[in-house]
1. At a probe size of 1.4 Å, how large is the accessible area of Val127, to the nearest 10 Å²?
2. So if the hydrodynamic radius of region 28-174 is defined as the Kirkwood radius over C-alpha pairs, what does Stokes-Einstein give as its diffusion coefficient at 4 °C and 1.567 mPa s, in µm² per second?
3. For Ala28, what residues show an amide H to amide H distance below 5 Å, using hydrogens built from the backbone and excluding near sequence neighbours?
4. Rounded to whole Hz and in sequence order, give me ³J(HN,Hα) for region 181-193 from the Karplus expression 6.51 cos²θ - 1.76 cosθ + 1.60, θ = phi - 60°, writing x for Gly and Pro.
5. Between 0 and 90 degrees, rounded to the nearest ten: what's the tilt of helix 87-100 against the longest Cα principal axis of the chain?
6. Along Cα→Cβ, 7 Å out, is where each label goes; now give me the distance between the ones at Leu181 and Ser43 in nm to one decimal.
7. Within the accessible area of the chain, what % is carbon and sulfur when the probe is 1.4 Å and the other protein chains stay in place?
8. How much length is gained if the chain between Gln68 and Gln152 is pulled fully straight, taking 0.36 nm per residue apart and subtracting their Cα-Cα distance, in nm to one decimal?
Amino acid sequence: MRVNLDRRLERSSSPLCGVDEVGRGALAGPVVAAAVVMPPRTSIPGVDDSKRLSPARREQLSRAITRQCLTWAIGLASHDTIDRVNIRQASFLAMRRAVQRLSVQPALVLADGWPIPGLALPCRGVVHGDRRSFVIACASILAKVFRDRLMQRLDHVYPGYGLAQHKGYPTEEHLYQLRALGPSPVHRRTFEPVRRHLAGQ
């Protein structure tokens, strides 16, 4: 990570909280958010936007992050919630749930993209935050590792779709299996091409 916005925002010894979510673009499964509070001036070599890291590197870094952080938590919004309130609102809901489960209250919450509405703490949205902020990058890694493990478990419950491989995202293989098998119970009914498949039945 070449840029670390956190250094300019840290106030004396007050900790910052980073929040990020994963799974917005998937066709199946929940959207997952992680919130993590790191001690001021903490540094973990290799931390970066989770999308830039290999699965093995994410797993390794997630262990380092959870060892060194003050607290961390996960929040989820299910596929049913996504269909009911839309993916943007479900993502904010997952983020709020993650922050509310923290055991240490931070001085400031940094969220990837936009400020989290309805949060009872000071919050700042950071565009491309997972590449600009250390604590947001930490959150992105924890959220990605948690969701990937969850999708691997769902692959055993709903075999045939390849959820363990593509994690619910619209790969060519996923779309082929969706057409062949129809949607599983954890597919998002309001997302194309799931909605298109259901309309064609």
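1. Its heavy atoms expose roughly 90 Å² to the probe.
2. Values: Rh = 15.8 Å.
Roughly 82 µm²/s, to the nearest whole number.
3. Residues meeting the amide H criterion: Arg188.
4. Couplings: 9, x, x, 7, x, 9, 6, 7, 5, 8, 9, 6, x Hz.
5. Roughly 40 degrees between the two axes.
6. 4.6
7. Values: 4870 of 9530 Å².
Solvent-exposed carbon and sulfur of the chain make up 51 percent of the total.
8. On the way: separation 84, 0.36 × 84 = 30.24 nm, distance 2.65 nm.
This chain segment gains 27.6 nm when fully extended.
The values are calculated or read from the model by the stated rules, or taken from the named source; none is laboratory data. Source: prediction; values computed, not measured. A quick note on method: Cβ atoms are made from the backbone with ideal geometry, for glycine too, and the neighbour counts reach across all protein chains shown. Heads up: the accessible areas ignore ligands, DNA and RNA and are worked out on the full protein's heavy atoms, side chains in. Shrake-Rupley method; radii C 1.70, N 1.55, O 1.52, S 1.80 Å.
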